[in-house]
Amino acid sequence: MNRLFTIISIGAFAAAALVLVQCDEITGGPPLNVRIEARTDSMVRISWAAPVEGTPDVYMVYFEEVGSPSYTGIGETEQIEYVDYPQGITGKYKVMARFGSETYDAVDKPTTVPIENSMAGLAELDAPGNSGYGWNRSSGEDSTYSMEEAGSADVVDFYITDFAVGYSGPTYSVASPDRGPIDPSGVVPPAAWRVTRFVDVSPYEHGPLPSYDQQTYFEFRDINQTPMIIGCYTEDEYYAMVRIDSIDIGTGEVKLTSWFQLVQGLRLIKH
């Protein structure tokens, strides 16, 4: 009887040890190359590559709303992608992989928060200074350019004009660069200037921009108040927003602030 008990005890111990060894051998790692793209102009597709350590039990997707101090779980999936409808909110995404009781956090945490460019000065087309303005597609940062140089055609997204010779106004406009060669000022050379379209969204600075269509967006918008909020849609399908902060017709200078959405095709602009 004692012998039988000993054999049973040894067997139980061996089984327990095997379980412990198997648990110790469980490995895992984080998702890789997390990225986002527009599923529609108001929906976001988050995708990633599986961990090199294997297939996790589940992936967990989190979202940190702009202005929030922490992440909130928004879904779980066994796939390597997840579609989120953020209801007009922008923020940062995080993906984690769960292996058993362990979780592994991806390094990449892509964001939909637009890039803010602080107040810049832009000249009316006939005033001293640069009247062209454009955004870098990789960084979202802004720069000003001369509209009198054909080399600016590849980088300018809009310019400031009063559609008259001189800069006395009385009305200034934000205009698509492709109008430059036919502007009455006569200083913009023929070139393959970019095409941009605009919509007045005042006073809603944080709401989603309207979906682009030809009945809503136009080739120029008159600046009829300050501040004025103007939505922009570029020919390569980026959305941006410009706030006209002030106009000085005496010097021909316009002060503006802008926000550029780095996710191509996404019209969310909350910041």
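The values are calculated or read from the model by the stated rules, or taken from the named source; none is laboratory data. Here the structure is a predicted model, which means the values were calculated and not measured. Positions of Cβ are generated from backbone atoms using ideal geometry, with glycine treated the same way; all protein chains shown enter the neighbour counts.
Structure notes:
- Among residues of the stretch 20-36 that are over 28 Å from T112 (Cβ atoms), none has a beta-carbon under 6 Å from a residue that is among the small types (G, A, S) and modelled with pLDDT under 95 at least six positions away or on a different chain.
- Which listed residue is closer than 29 Å to E53 by Cα and free of Cβ contacts under 8 Å to residues at least 40 places away in the same chain, from S101, S143: S101
Yes/no per residue for (1) at pLDDT below 95; (2) aliphatic (A, V, I, L, M); (3) farther than 18 Å from E124 by Cα:
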{"position": "D183", "(1), (2), (3)": "no, no, no"}
{"position": "A191", "(1), (2), (3)": "no, yes, yes"}
{"position": "R197", "(1), (2), (3)": "no, no, yes"}
{"position": "F220", "(1), (2), (3)": "no, no, no"}
{"position": "Y233", "(1), (2), (3)": "no, no, yes"}
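- Of residues in the stretch 195-211 being crowded, with 21+ Cβ neighbours inside 10 Å and not aliphatic (A, V, I, L, M), the one farthest from P128 (Cα to Cα): P208
- Considering the stretch 76-109, and only residues there that are exposed (fewer than 13 other Cβ atoms within 10 Å of the Cβ) and among the polar types (S, T, N, Q), the residue that is nearest to A38 (Cα to Cα) turns out to be Q87.
- Residue that is in a strand (DSSP E or B) and among the small types (G, A, S), where the choices are S139, S143, S152, S168: S143
- Residues of the stretch 186-205 that are closer than 22 Å to V254 by Cα, in a loop (DSSP other than H, G, I, E, B) and either under 22 Å from the mean Cα position of the chain (by Cα) or of a type in the set (A, V, I, L, M) (or both): V187, V188, R194, V195, V201, S202, P203, Y204, E205.
- Qualifying residue in the stretch 64-75 (condition: over 30 Å from E205 (Cβ atoms), surrounded by 12 or more Cβ atoms within 10 Å (Cβ to Cβ) and at pLDDT 95 or above): no
- Members of the stretch 239-267 found to be among the polar types (S, T, N, Q), part of a strand (DSSP E or B) and over 23 Å from the mean Cα position of the chain (by Cα), listed by number: S246
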